[in-house]
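There's a structure below that I have some questions on.
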Amino acid sequence: MTMHNVANWLQTAGVYLYFVMLAGLSVYGLHRFWMLYLYYRHRHDPPRPADQWRELPTVTVQLPLYNERCVVGRLLEAVARLDYPRDRLQIQVLDDSTDDTRAIVAQKVATLAAAGLNIQHLHRERRDGFKAGALREAMPQVQGEFIAIYDADFIPPPNALHAMIHYFTDPRVGMVQTRWAHLNERQSLLTRVQGILLDGHFVIEHVARSRSGRFFNFNGTGGMWRRTCIEGVGGWHSETLAEDLDLSYRAQIAGWQCVYLADVTTPAELPVEINAYKNQQYRWTKGTAQTARRLLPVIWRSRLPLKVKVEATVRLTSNLCFIMMVLLCLTFPIQLLASRELAVWPALRHSLLVEAPVFFAATLSVLTFYICAQRELRRDWWRQLPYLPALMIIGIGLCLNNARAVIEGLAGHRSDFVRTPKVGASTAARAAGGWPKSYQAWRGWTPYFELAMGLYFSVTLLAVIARQHWLAMPFVLIFQIGFISIGLLSLFPTQWRPSEWLGWSKPRWLNPRPVTKIDLGSDV
């Protein structure tokens with residue numbers, strides 16, 4: 001076989017691989033349309049408590065944290081304001097800290113205990129099992145029948161426990177999850193994009209799944225568990241980085257019901273620095289892949305309805321899209337520049353006939369999904385539309401980071417639970433002595449591969465211009481900008497304020513008013 005034939009064969013294989021990856025992405029894209037269908041079908045079917053407690057049960061609030069000097073004071077003050085009978089409330093601070101957070105917590109806990117709050121500071125010298133290990137080790141000291149969990153970057157509102165507790169009058173309910181709100185969504189371009197992405201998950205997906213009888217997951221914080229449910233399904237496991245997803249799926253496999261409250265919000269802080277966000281996404285993505293590896297065989301061996309099995313499979317494998325995206329990026333230039341010259345399947349010679357509908361399923365479905373979520377949340381939802389290009393750019397730029405997480409998760413590779421640094425309000429950070437350098441997120445080697453991909457698409461862009469493939473130029477530019485921007489900002493991190501790195505002053509009309517439209521929830 002001559003070198004020419006080898007090159008021709010490789011090009012042909014690249015073209016076919018491109019269309020296979022595009023087809024795979026389109027399947028998951030069409031699933032987003034299915035989520036929208038289920039959402040609009042069930043959005044007016046809110047969950048309702050079976051009854052009201054005549055005498056409120058005891059609740060334990062667990063606060064797992066690790067080196068959170070900038071936000072722990074804010075968290076403890078919020079918990080102290082919880083509107084729940086003090087004789088039926090226990091607070092556990094599960095502190096794995098190795099810095100001065102331990103001293104800050106000890107002082108604050110002593111103050112709150114002196115004021116009459118039933119609060120304990122449980123410090124571990126070793127982070128065995130990370131967050132799951134801390135939750136598991138604290139169980140023998142839990143006094144409550146029900147356990148609410150809040151991470152360090154959350155601020156539970158005073159009525160949080162009352163909003164959830166009455167759903168547990170139904171003995172079949174094992175968990176209640178509330179919707180995340182965003183404390184610092186308007187801080188930067190990065191936090192705005194994160195807010196849009198999370199809104200799609202909490203507004204559309206959770207409502208669609210929970211109200212249509214499919215599995216949905218606990219999000220690790222901002223929710224409440226029945227203690228007997230946790231213990232009955234084997235407790236917290238640390239075999240995955242997504243202990244929340246793992247436990248909630250095991251509970252639902254065992255027959256427990258989980259309730260999602262779309263109109264009860266718990267504010268939380270979004271990561272302000274790109275490497276912190278990448279580490280968070282890596283942990284969530286890898287944890288989901290690990291959970292899929294552990295639980296999908298159990299799900300398919302169970303007697304669950306087929307619709308539940310299929311939806312759980314799509315949910316747990318959805319991060320395969322990141323691997324597909326990487327392969328798509330690698331083969332896109334090959335398909336673009338070679339498909340018209342190769343003797344492949346005739347339809348591919350007119351690739352627009354194939355790509356147009358598939359592109360609609362793979363890309364426009366995602367944009368439609370997030371636009372619909374903003375329409376449900378905001379009266380001025382259209383003000384979020386200018387941020388959608390940034391959403392696409394960040395999504396493309398993160399695919400290498402997340403594809404690595406999926407591969408490691410499916411391969412059974414174990415890694416540490418890397419916390420997401422929280423900055424807190426500026427005044428709180430100053431009061432705590434500033435944000436330590438040790439809190440800065442690890443960037444690793446991924447940025448260099450992202451920059452290499454950006455260079456790959458820069459060369460592709462020159463070839464596109466030379467061959468006058470003008471229709472392809474916007475897509476090549478999005479890939480190029482996505483990889484280069486994420487790579488550079490990972491190596492030279494900022495808080496993604498446009499005025500800091502683009503010299504651009506944002507016009508007033510881009511500031512969405514903090515007015516919510518959503519009214520999907522319970523009778524709380």
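Output the number of the condition that LEU17 fails; it satisfies all remaining conditions of (1) free of Cβ contacts under 8 Å to residues at least 40 places away in the same chain; (2) farther than 30 Å from ARG127 by Cα; (3) part of a helix (DSSP H, G or I); (4) not aromatic (Phe, Trp, Tyr).
Condition not satisfied by LEU17: (1).
Next up: I'd like the residue in segment 244-268 that is under 23 Å from ASP199 (Cα atoms), over 17 Å from the mean Cα position of the chain (by Cα) and among the hydrophobic types (A, V, I, L, M, F, W, C) and, out of all such residues, is surrounded by the most Cβ atoms within 10 Å (Cβ to Cβ).
If we take residues in segment 244-268 being under 23 Å from ASP199 (Cα atoms), over 17 Å from the mean Cα position of the chain (by Cα) and among the hydrophobic types (A, V, I, L, M, F, W, C), then CYS258 is surrounded by the most Cβ atoms within 10 Å (Cβ to Cβ).
Looking at segment 444-471, which of the residues that are buried (at least 16 other Cβ atoms within 10 Å of the Cβ) and touching a Pro at 6+ places or on another chain (Cβ under 9 Å) is modelled with the lowest pLDDT?
So, considering only residues that are buried (at least 16 other Cβ atoms within 10 Å of the Cβ) and touching a Pro at 6+ places or on another chain (Cβ under 9 Å), the one modelled with the lowest pLDDT is VAL464.
While we're on this one: If a residue has to be more than 26 Å from PRO64 (Cα to Cα) and either touching a strand residue (DSSP E or B) at 6+ places or on another chain (Cβ under 7 Å) or aromatic (Phe, Trp, Tyr) (or both) to count, how many in segment 386-419 make the cut?
Adding up the residues that qualify gives 1.
Among (1) surrounded by fewer than 21 Cβ atoms within 10 Å (Cβ to Cβ); (2) of a type outside the set (A, V, I, L, M); (3) modelled with pLDDT under 95, there is one condition THR101 misses while meeting the rest; what is its number?
Looking at each condition in turn, THR101 falls short on (1).
Which residues, taken from segment 290-313, are of a type outside the set (Lys, Arg) and surrounded by fewer than 16 Cβ atoms within 10 Å (Cβ to Cβ)? Can you show your working first?
So the first thing to find is which residues in segment 290-313 are of a type outside the set (Lys, Arg), and the list is 290-292, 295-300, 302, 304-306, 308, 310-313.
Residues satisfying the conditions are PRO297, VAL298, TRP300, SER302, PRO305, LEU306, VAL310, THR313.
How about segment 79-99: which of its residues are in contact (Cβ under 8 Å) with a residue 60 or more places away in the chain and part of a loop (DSSP other than H, G, I, E, B)?
Hits for segment 79-99 are ARG81, LEU82, ASP83, TYR84, ASP99.
The values are calculated or read from the model by the stated rules, or taken from the named source; none is laboratory data. What you see is a predicted model; the values in this text were computed from it and never measured. Note: ideal-geometry Cβ built from the backbone for every residue, glycine included; neighbour counts use all protein chains shown.
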